[in-house]
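The values are calculated or read from the model by the stated rules, or taken from the named source; none is laboratory data. Computed from a predicted model, the values in this text were never measured in an experiment. When we count neighbours, we look across all protein chains shown, and the Cβ atoms used for this are built from the backbone with ideal geometry, even at glycine.
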Amino acid sequence: MANVNRLVKNAETARPRSWAQFAPWLALWGCAGIIRALLLYASLWIELQAAADIVVWAASAVTAVGVLAWLLRSSKEARSGALQTALPVLMVLASVCLLDYVHAVDSFFMPMFRTLVLAVAFVYTGVVASAAC
């Protein structure tokens, strides 16, 4: 509960920023999700699993380049805060990728994990957006 209170307090003290700056990233990942879903549906008849994975890797690469460019332009305080926030997220993602690589999870885990991450992202976005208003 203390983490939630700290999150709300940080969101309240953060300076309000335009949510329009996130529109390109939302559009990128939305299009990547739609294209991947279409490719996976078409893979019922033609083998397109590799193409669906390439779409996700390409979106991830574009996002990584954007984040690195932002980190290079931002101040030292913003960078340290961003890296401190991103480290646990990166550790969780690396752990899940490792579990998937060694086939320690079944076929239902990854879609459920993606849904959980999406739900957490929506809740966090709602907290930050409501505090910025």
Qualifying residue in the range 71-90 (condition: hydrophobic (A, V, I, L, M, F, W, C) and at pLDDT 75 or above): yes
Pick from the range 18-58, criterion without any contact (Cβ under 8 Å) to a residue 12 or more places away in the chain and among the β-branched types (Val, Ile, Thr), ranking: farthest from Cys97 (Cα to Cα): Ile46
